[in-house]
1. Looking at THR45 and the list (1) under 28 Å from ASP130 (Cβ atoms); (2) modelled with pLDDT of 70 or more; (3) not charged (D, E, K, R), which single condition is not satisfied?
2. Taking only region 81-95 into account, find how many residues are modelled with pLDDT of 85 or more, surrounded by 13 or more Cβ atoms within 10 Å (Cβ to Cβ) and out of contact with any Gly (no Cβ under 8 Å at 6 or more places or on another chain).
3. Enumerate the pairs (first residue in region 111-136 and charged (D, E, K, R); second residue anywhere and assigned to a helix (DSSP H, G or I)) with beta-carbon separation below 7 Å, excluding pairs fewer than 6 apart on the same chain, so at least 6 apart or on different chains.
Amino acid sequence: MKPTGAAVLVLALVVSLGVSSQQPGSTKLPLAITEKDAVDEWSRTIWDGPLDPKLPSDTAFLLSLSETELLGRFRFRQRCALCHAAQTNLSTVTWGPLLTQRNVTGREAAVRQRILDGSPRMPAFKYALDTPTIDAIIAYLKKVERLP
């Protein structure tokens, strides 16, 4: 076998081991950068210059979230945002109500039950989402003042 062929074989093996090591039911999200300074440096590099303080940034909000709230954000965007978040910055039209802390805080049990059972206009997620995931979504929504 040629040396390049061996290198490709080893690389393929390493990549397949890395992919297979991810647990299918894992609730931990892989985040490489979790420090504000590192994120700001990355943003400056991407945008090729200093950050404009007048532009909105979600960096501070995202860094303030706990691991559970980050999981809730991920699952919300995956399962709920299609109907419960504005699809563009110019529109607030949604299929369901916009979900923020205003309509979740103090109503956690009702929100949990609605997620589980659904409604005539909303599918039930009792077979698709487990209790810790629903709790994570609710924890995330209790921190959201507005949706991006």
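The values are calculated or read from the model by the stated rules, or taken from the named source; none is laboratory data. Computed from a prediction, not measured in an experiment: that's the story for all the values here. Cβ coordinates were reconstructed from backbone atoms using ideal geometry, including for glycine residues, and neighbour counts include every protein chain displayed.
1. Condition (1) is where THR45 drops out.
2. 1
3. Hits for this filter: ARG112/ILE134; ARG112/ILE138; LYS126/LEU116; LYS126/ASP117.
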